[in-house]
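Chemist: Here it is, the structure in full.
The values are calculated or read from the model by the stated rules, or taken from the named source; none is laboratory data. Because the structure is a prediction, the values reported are computed rather than measured. When we count neighbours, we look across all protein chains shown, and the Cβ atoms used for this are built from the backbone with ideal geometry, even at glycine. Accessible surface areas use protein heavy atoms only, side chains included; no ligands, DNA or RNA. Shrake-Rupley method; radii C 1.70, N 1.55, O 1.52, S 1.80 Å.
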Amino acid sequence: MDSQHWRATITAAQSGDRQALDELVAGWLPLVYNIVGRALNGHADVDDVVQETMLRAVDNLGSLRDPDSFRSWLVAIAMRQIRDRARRRTADPLPEAPAADFAELTVLRLQLEGQRREVAEAARWLDDEDRQLLSLWWLEVAGELTRRELAAAVGITRQHAAVRVQRMKERLETSRGIVRALDGACPDLRELTGRWDGRPDSVWRKRLARHIRGCGYCGDTPESVVPAERLLVGIALVPLPVGFTLSLAFGGKTAVAATSAGWSAKLLGALTKPAVAMTAGATIVAGGAYVVTQPPDVPPPRAAVTPSATATSERPPSSAPPAPEPSPSVTKKADPYGTVVDAVDRAPDPDARPAALPRRPESGLISTGGPKAVMQHRGDSVTLTGQGYVLVRWQISPKSRPGALVMPSWTGLKGRLFHVASGGWRRMDDPLPGAPNGYATGMGGPAIGWAVLPPGTQQMWQNEYFYLDGTVTLTQNERGCDYGLTVFPSSWEAVDKDVNEGPEQGAIRYGLVRDTGTDSAPVPQYVTRSTPADPATVPQRSRV
């Protein structure tokens, strides 16, 4: 949108125009989200810092004398909030919340590949100060900011900014080399990283950089390295996550500040009315809160419902209270298909026998991968068609590459897909009998690092069984921790035998039956009827 339009919008918002204010917040929120998200690499504080930035901008909008300087003014506010957050954390250290990893978010949502992906992932290896500068420089080379605005946001001269950017770029190139090497197969590097916990930091950046400088294998780049600024030109802003909310409540002290900044009584009155005004991506709701919403045709994510059949009397934890028993005069309506989604459960007692496995109709499955499809790399996929059971066997390899595990996803679903049972005589987090010292479970160990699941993801068993009536594609989305999948069309008899019997040397535990035999059986967490360009972007609670 051109500068003349934004000048008019800002002026109207300063005069108390509710629609203009709505448009202003919706239009500039993605820029702030990208700056803060990249500077903090997706830390849990991102939402708070974005909200505080926008709140301060709204509160002080009346003090802005030149609408043409709005962007640099807003960016400077965002950088101050980032620095204030760093000072508070230093003065009063708290346990670090897990990061959502903005680098991974950038790669997935913008579908970056090759050296563009390499630059995004290299950001993880920068120190906080460099990452803050990168968040601005990235937007500068992408055409979203000017060098003058970058320097003003950091509070330095343009000449000093040029020096700072050059030093940051040098460390970024070093980090790109680390990302490139870790994607390789250097045996010496694997031995070196055997003691690494998988979290990038400055100490390991220096260790790995030293190795790369002296290693003929890691230092041999098969293709010419394109400068980062050429790779980032024209890359769009990372879109806001679905369901991202921004609450700018006008109450008490905030309302006084808004009034003193020039907000009209008419606007403040409108903001407290119980009405909702929908515009492009933002909503002003009762109480004066801005809420960035999903498009109207996208249903809201549903809360997970605990599977209604388990292999043990110990019920999985659930945040929802148990539903009251229906009265004799009320007929309980069956759950419609797709409302029961896999939820996190506890490992059952090893000696607990599984529940009975309901039998569903089987006319047979056709697999594009044949009777045994092996998927070892990101993007490998298999399409299944027909009616019957399918086994997905897991092999996680943190010894090759530990870290965050990007789950496989089911896409293009036509018909119905259920998660019916788990077997293989163990969960992947079960201890491995006879394993070498430090290699504790199928998810890794302290000597080699761990495979880490996304928060709220159902723990896998060695063998996971599903029932399909229709067609669906399963895609391996490996990024981070190394893993493989093997997909076999199966049968009810094979599933029943697996969950009830162990190997000759003895089972670690019996299997787990999840199927209810009805539409209330759970569906996989990562399943959708759509066919996204990148299957790794399927939401964890996708609607089916």
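Chemist: If you check Ala356, Ala352, which single one turns out to be over 19 Å from Trp492 (Cα atoms) and either of a type outside the set (S, T, N, Q) or surrounded by 13 or more Cβ atoms within 10 Å (Cβ to Cβ) (or both)? First the steps, then the outcome.
Modeler: On the way: Ala356 fails: over 19 Å from Trp492 (Cα atoms).
Exactly one residue qualifies, and that residue is Ala352.
Chemist: Provide a single number: the residues in segment 360-405 that are under 21 Å from Leu468 (Cβ atoms) and open to solvent by 60 Å² or more (accessible area, probe 1.4 Å).
Modeler: Step one: filter segment 360-405 for residues under 21 Å from Leu468 (Cβ atoms), giving 360-375, 380-394.
Add one more test, that the residue is open to solvent by 60 Å² or more (accessible area, probe 1.4 Å), and what stays is 361-363, 366, 368, 371-372, 374, 381, 385, 393.
Count: 11.
Chemist: Can you tell me which residue in segment 447-473 is nearest to Val390 (Cα to Cα), limited to those that are under 19 Å from the mean Cα position of the chain (by Cα) and open to solvent by less than 30 Å² (accessible area, probe 1.4 Å)? Before you say what the answer is, go through the steps one by one.
Modeler: Going through segment 447-473, the residues under 19 Å from the mean Cα position of the chain (by Cα) turn out to be 450-460.
Adding the requirement that they be open to solvent by less than 30 Å² (accessible area, probe 1.4 Å) leaves 451, 457-460.
On the way: Ala451: 25, Thr457: 20, Gln458: 18, Gln459: 18, Met460: 15 Å.
Taking the candidates together, the pick is Met460.
Chemist: Say whether the condition of being modelled with pLDDT under 90 and not in a loop (DSSP other than H, G, I, E, B) is met by at least one residue in segment 380-397.
Modeler: In the first step, residues of segment 380-397 are kept if they are modelled with pLDDT under 90; the result is 397.
Restricting the remaining residues to those that are not in a loop (DSSP other than H, G, I, E, B) gives none.
No, there is no match, as no residue in segment 380-397 is modelled with pLDDT under 90 and not in a loop (DSSP other than H, G, I, E, B).
Chemist: Could you list, ordered by first residue, the pairs with Cβ atoms under 6 Å in which the first is in segment 528-544 and touching a residue at least 40 places away in the same chain (Cβ under 8 Å) and open to solvent by 30 Å² or more (accessible area, probe 1.4 Å) and the second is of a type outside the set (Lys, Arg) and in a helix (DSSP H, G or I), at least 6 apart or interchain?
Modeler: Correct list of pairs: Thr537/Leu108.
Chemist: Where in segment 1-100 are there helices (runs of 4 or more DSSP H), lying fully within it, with 1 or more residues that are touching a strand residue (DSSP E or B) at 6+ places or on another chain (Cβ under 8 Å) and at pLDDT below 85?
Modeler: Details: elements: 3-14, 18-39, 46-59, 70-91.
Here the list reads 18-39.
Chemist: Quick one: is Ala421 touching a Ser or Thr at 6+ places or on another chain (Cβ under 6 Å) and either over 30 Å from Pro187 (Cα atoms) or hydrophobic (A, V, I, L, M, F, W, C) (or both)? So that I can check it myself, show each step before the final result.
Modeler: Numbers: touching a Ser or Thr at 6+ places or on another chain (Cβ under 6 Å): no; either over 30 Å from Pro187 (Cα atoms) or hydrophobic (A, V, I, L, M, F, W, C) (or both): yes.
Considered against the rule, which asks whether it is touching a Ser or Thr at 6+ places or on another chain (Cβ under 6 Å) and either over 30 Å from Pro187 (Cα atoms) or hydrophobic (A, V, I, L, M, F, W, C) (or both), Ala421 comes out as no.
Chemist: Which pairs turn up if I take residues in segment 440-456 that are under 16 Å from Asp482 (Cα atoms) and at pLDDT 85 or above and look for partners that are outside any strand (DSSP E or B) and of a type in the set (Val, Ile, Thr) with beta carbon separation below 8 Å, at least 6 apart in sequence or on another chain?
Modeler: Going by the 8 Å Cβ cut-off, the qualifying pairs are Pro454/Val406.
Chemist: Then there is this: Taking the stated definitions as given, is Val499 within 20 Å of Asp342 (Cα to Cα), assigned to a strand (DSSP E or B) and of a type in the set (Val, Ile, Thr)?
Modeler: Working: within 20 Å of Asp342 (Cα to Cα): yes; assigned to a strand (DSSP E or B): no; of a type in the set (Val, Ile, Thr): yes.
It is false that Val499 is within 20 Å of Asp342 (Cα to Cα), assigned to a strand (DSSP E or B) and of a type in the set (Val, Ile, Thr).
Chemist: Among the residues of segment 334-346, which ones are part of a loop (DSSP other than H, G, I, E, B) and either in contact with a Phe, Trp or Tyr (Cβ under 8 Å, 6 or more places away or on another chain) or buried (at least 17 other Cβ atoms within 10 Å of the Cβ) (or both)? Give the steps one after another, and end with the answer.
Modeler: Step one: of segment 334-346, the residues part of a loop (DSSP other than H, G, I, E, B) are 334-340, 342-346.
Gly338, Val340, Asp342, Ala343, Asp345 - these are the residues of segment 334-346 that are part of a loop (DSSP other than H, G, I, E, B) and either in contact with a Phe, Trp or Tyr (Cβ under 8 Å, 6 or more places away or on another chain) or buried (at least 17 other Cβ atoms within 10 Å of the Cβ) (or both).
Chemist: Check whether at least one residue in segment 466-479 is among the β-branched types (Val, Ile, Thr), modelled with pLDDT under 95 and at negative phi, and report yes or no.
Modeler: No, segment 466-479 contains no residue that is among the β-branched types (Val, Ile, Thr), modelled with pLDDT under 95 and at negative phi.
Chemist: Continuing with this model, one more query. Look through segment 183-194, keep the residues that are within 29 Å of the chain's Cα centre (by Cα) and surrounded by fewer than 12 Cβ atoms within 10 Å (Cβ to Cβ), and return whichever of them is farthest from Gln115 (Cα to Cα).
Modeler: Ala185
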